[in-house]
């Protein structure tokens, strides 16, 4: 049965953040809030935890996970970007966007698109997510918490607990999260392309 902890959405308690990070480091799968919806996350290097998330979401092998980062300081490690692309990202982060970027050799192959060698990166504007990433000291692999057969993400931590308490190791109650996933923008082409319209305003990228 999973642990269930309540963390303040604006001033996260560091003791509880540390508890959550230790679960991630030990190979756990966690449910945590972001600025768009609740997400499933695990350690970047843990293949077994990633496969557990695939089973929970019933994802195909080709489904891309997203690297959720604290800020753009980790961008150069995991993605190739030019100066123009970096300026656009800087103005849109943190925020409810997922950016598809050309992956570097430091990205585990299982996280890349199998043909395009791309990776999704995201910097959430959420105090709990930011505290988790800062304490962890590296990105997390993540996907939006939409269960098979559902059209929208789960928003109520107690509903999440009822559905997943035997499937995940930790559920963080960080209050209500929205129903919209992130806006996905492909930055690997000459001009940015909108792949999915979600919560974020894509107009600055497409003008």
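The values are calculated or read from the model by the stated rules, or taken from the named source; none is laboratory data. Small disclaimer: the values here were computed from a predicted structure and weren't measured. We place every Cβ from the backbone using ideal geometry, glycine too, and count neighbours over all the protein chains shown.
Test residue 122 against the stated conditions and say whether it is at negative phi and without any contact (Cβ under 8 Å) to a residue 40 or more places away in the chain. So residue 122 fails the test. When you check residue 41 against the structure, is it in a loop (DSSP other than H, G, I, E, B), surrounded by 15 or more Cβ atoms within 10 Å (Cβ to Cβ) and at pLDDT 95 or above, yes or no? It is false that residue 41 is in a loop (DSSP other than H, G, I, E, B), surrounded by 15 or more Cβ atoms within 10 Å (Cβ to Cβ) and at pLDDT 95 or above. Would you confirm whether or not region 113-135 contains a residue that is exposed (fewer than 15 other Cβ atoms within 10 Å of the Cβ) and touching a helix residue (DSSP H, G or I) at 6+ places or on another chain (Cβ under 8 Å)? Within region 113-135 (the criterion being exposed (fewer than 15 other Cβ atoms within 10 Å of the Cβ) and touching a helix residue (DSSP H, G or I) at 6+ places or on another chain (Cβ under 8 Å)), the answer is no, since none of the residues qualifies.
Taking the options 102, 74, name whichever one is in contact with a strand residue (DSSP E or B) (Cβ under 6 Å, 6 or more places away or on another chain), modelled with pLDDT under 95 and either under 23 Å from residue 54 (Cα atoms) or not in a loop (DSSP other than H, G, I, E, B) (or both). None of the others qualify; the one that does is 102.
Please tell me if residue 62 is out of contact with any strand residue (DSSP E or B) (no Cβ under 9 Å at 6 or more places or on another chain), at pLDDT below 95 and either surrounded by 14 or more Cβ atoms within 10 Å (Cβ to Cβ) or closer than 25 Å to residue 131 by Cβ (or both). So residue 62 fails the test.
For region 154-163, state whether one or more residues are closer than 26 Å to residue 14 by Cβ, surrounded by fewer than 19 Cβ atoms within 10 Å (Cβ to Cβ) and touching a residue at least 40 places away in the same chain (Cβ under 8 Å). The answer is yes; a qualifying residue exists.
Residue count for region 9-38, restricted to those that are part of a loop (DSSP other than H, G, I, E, B) and touching a helix residue (DSSP H, G or I) at 6+ places or on another chain (Cβ under 8 Å): 11.
This table checks each residue for (1) in contact with a helix residue (DSSP H, G or I) (Cβ under 9 Å, 6 or more places away or on another chain); (2) modelled with pLDDT of 90 or more; (3) crowded, with 17+ Cβ neighbours inside 10 Å.
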| position | (1), (2), (3) |
| --- | --- |
| 139 | yes, yes, yes |
| 152 | no, no, no |
| 165 | no, yes, no |
| 169 | yes, yes, yes |
| 187 | yes, yes, yes |
| 191 | yes, no, no |
